[in-house]
Amino acid sequence: MPRIYFYIARKFWGPFLFALGVFAALVVLGDTFEKLKTLNNGYSTLGAVLSYSLATFPNWLATIMPVACLLGAISVISEMVANGEWTACVAGGFSPKQLFIPVVVCLLLVTGLTMLMQEFVVPPLNIKAETIYYTKIKPQEGFNLQTEYDVAMKISPHQMLYAKKVDLSAGKMEEISLDTYDSVWNISNQIVATSMTWDENRHAWTFQDGTKRTFVDKMDTQEEHFDLADSPVSTAPADMSVNRTESKLLSIRDLSKRIRFFKQSGLAYYEAETVRQAKLATPFVTLIMCLLGIPFAISMRRKSKILNILASMVIAFTFWWLISMFTSIGENGYINPFLAGWGPVIVFGIVVFFEFKWLKL
């Protein structure tokens, strides 16, 4: 491997880490100062605000990583152009595409780390931050991320389950109504129970203290009380997803579980699918964003850090605007979730292709 590759790679990390530190400090301090306004509400404390900011820091870090990558890529190329190193390398037989290789490798390393953070570090910390916010900063009575109220789910093509309270972490549902319908969706029988619990040993749900009601006709029903009864629900709590945590705060694994459960329950899943596809497209977003900005750096003949920063911000915000627009449209079901998640990558990928072709890179 040519030594010039290691030289270019080393030059990338300085501007990247500088941009990452500056942008991270700005967004974290801004968010922290915003939360400090809650100190006069009688509940919030400085410790709670700082704990919240610490928990959200990795999320902010992952969010600004593409901008830091873009600034690092533009800075290293523009510096080589300004110092004459770029011209010397090209004169020595290297093509521009070859000189891009070490930068792309650095970008792939950063995006790989970012994906790992977003999958394994950010989601649990986001949940912790949300818990801190709604229990210590702006308390909500009865707040519990593990508990959901007024849940409806489709058990089979003609069975609907309604639960007043669901706590999947404890494997328990309360105030249950399981309705079974005939082919024309007239209710044929109903099970009403005080609770339904998950039996790990039997791998099944069990009704407690309930009544089985059979609808003989519109005017007549037969009822039978029971203390315990088997439930037709076979889905384990670990495979259910009834919490209302925002999809963007979940990992790809959690989103996949939510999508499977929503499909099974007959619920709309395009929001979760859009977010999942957007997360899967994240590495390509960063890479294409940087490839979009690198030719700009080559066209500059003078080294200008301010111009580099401005160019990075313009490209990044344009990209984010397009991503936000596609995601919003996809979450509301107006376009296919796959197109919503990968649309910006496709659009800017085409732009990069013609940009490189036009500049003969």
- Query: In nm, to one decimal, how far is the modelled label at SER324 from the one at ASP230, with both set 7 Å along Cα→Cβ?
  - Reply: 5.4
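Counting Lys +1, Arg +1, Asp -1, Glu -1, what net charge surrounds ASN332 among other residues with beta carbon under 14 Å of its beta carbon?
Working: positive: none; negative: GLU271, GLU273, GLU331.
Overall, the nearby charge balance is -3.
Calculate the FRET efficiency for ALA9 and LEU116 from the Cβ-Cβ distance with a Förster distance of 25 Å, rounded to the nearest 0.05.
Using R0 = 25 Å, I get an efficiency of 0.75.
Above 34 angstrom, tally the Cα pairs of the chain and express them as a % of all pairs, no decimals.
Working: 29588 of 64980 pairs.
For the chain, the share of Cα pairs beyond 34 Å comes to 46 percent.
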- Query: Can you give the extra length, in nm with one decimal, that the chain gains between VAL351 and ASP199 once fully stretched, where that is 0.36 nm per residue apart less the Cα-Cα distance?
  - Reply: 49.2 nm
- Task: Taking only Cα atoms and a 10 Å spring cutoff, compute GNM fluctuations for the chain and point out the largest among ASP150, ASP254, ASP217.
- Result: ASP217
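Mind checking the dipole of the chain: about its Cα centre, +1 per Lys or Arg Cβ, -1 per Asp or Glu Cβ, Debye to the nearest 20?
It works out to roughly 2400 debye.
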- Message: Let me spell out the model: positive unit charges on the Cβ of Lys and Arg, negative unit charges on the Cβ of Asp and Glu, origin at the Cα centre of region 1-112. What dipole size does that give, in debye rounded to 20?
- Response: 160
- Item | Cross-link partners of LYS248 among aspartates and glutamates (Cα-Cα below 14 Å; sequence separation of 8 or more within a chain) | GLU119, GLU130, GLU271, GLU273, GLU331
- Top to bottom by accessible area (1.4 Å), largest first, where do LEU54, LEU39, LEU61 land? LEU54, LEU39, LEU61
- Query: Along region 144-160, what does the Karplus equation 6.51 cos²θ - 1.76 cosθ + 1.60 (θ = phi - 60°) give for ³J(HN,Hα), rounded to whole Hz, x for Gly and Pro?
  - Reply: 7, 5, 7, 10, 10, 10, 6, 9, 10, 8, 8, 8, 8, x, 10, 9, 10
- Most fluctuating residue given options VAL345, VAL275, VAL104, as computed from a GNM of the chain linking Cα atoms under 10 Å: VAL104
- May I ask which residue of VAL216, SER251, ALA236 lies farthest towards the positive end of the charge dipole of region 201-288, with charges of +1 (Lys, Arg) and -1 (Asp, Glu) on Cβ and the Cα centre as origin? SER251
- Item | Amide hydrogen neighbours beyond the local backbone of SER188, cut-off 5 Å, H modeled | THR180, TYR181, ASP182
- Query: If you take the charge dipole of the chain about its Cα centre, with +1 on Lys and Arg Cβ and -1 on Asp and Glu Cβ, which of ALA152, ASN189, LEU287 is farthest toward its positive end?
  - Reply: LEU287
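Beyond a 25 Å Cα-Cα separation, which of these cross-linked pairs lie in this structure: LYS11/LYS97; LYS128/LYS154; LYS136/LYS165; LYS165/LYS279?
As for pairs spanning more than 25 Å Cα to Cα, those are LYS128/LYS154; LYS165/LYS279.
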- Taking a 1.4 Å probe, which of VAL90, VAL242 shows the most accessible area, and what order do the others take after it? VAL90, VAL242
- Determine the gain in length on full extension of the stretch LEU359-LEU39; use 0.36 nm per residue of separation and subtract their C-alpha separation, reporting nm with one decimal. 109.7 nm
- Task: Report, to the nearest 10°, how far helix 305-331 tilts away from the longest principal axis of the Cα atoms in the chain, using its own Cα long axis and a range of 0 to 90°.
- Result: 20
- Query: Comparing ALA82, ALA238, ALA19, which has the greatest mean-square fluctuation in the GNM of the chain with Cα pairs linked when under 10 Å apart?
  - Reply: ALA238
- Message: Keeping every protein chain present and rolling a 1.4 Å probe, give me the accessible area per residue for region 105-236 in Å².
- Response: 57
- Counting Lys and Arg as +1 and Asp and Glu as -1 over every other residue whose Cβ sits under 10 Å from the Cβ of SER44, the net charge comes to +4
- Item | Vicinal HN-Hα couplings computed from phi for region 173-189 (Karplus, 6.51 cos²θ - 1.76 cosθ + 1.60; Hz; Gly/Pro x) | 10, 10, 6, 9, 9, 10, 9, 10, 10, 8, 5, 9, 6, 9, 5, 9, 8
- Task: Could you provide, to the nearest whole Å², the per residue accessible area of region 57-98 with probe 1.4 Å?
- Result: 35
- Query: How far is it, in nm, from the label point at TYR181 to the one at LEU108 when both lie 7 Å from their Cα along the line to the Cβ?
  - Reply: 5.2
- Message: Counting other C-beta atoms within 10 Å, and keeping those with at most 13, which DSSP coil chymotrypsin sites (Phe, Trp or Tyr not before Pro) do you find in region 169-250?
- Response: TRP185
- Message: Once ligands and nucleic acids are excluded and a 1.4 Å probe is used, how much of HIS225 is accessible, expressed in Å² to the nearest 10?
- Response: 120
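The values are calculated or read from the model by the stated rules, or taken from the named source; none is laboratory data. A quick note: this is a predicted structure, and the numbers were derived from the prediction, not measured. So basically every Cβ, Gly included, is an ideal-geometry build from the backbone, and we count neighbours across all protein chains shown. Heavy atoms of the whole protein, side chains included, go into the accessibility calculation; ligands, DNA and RNA do not. Shrake-Rupley method; radii C 1.70, N 1.55, O 1.52, S 1.80 Å.
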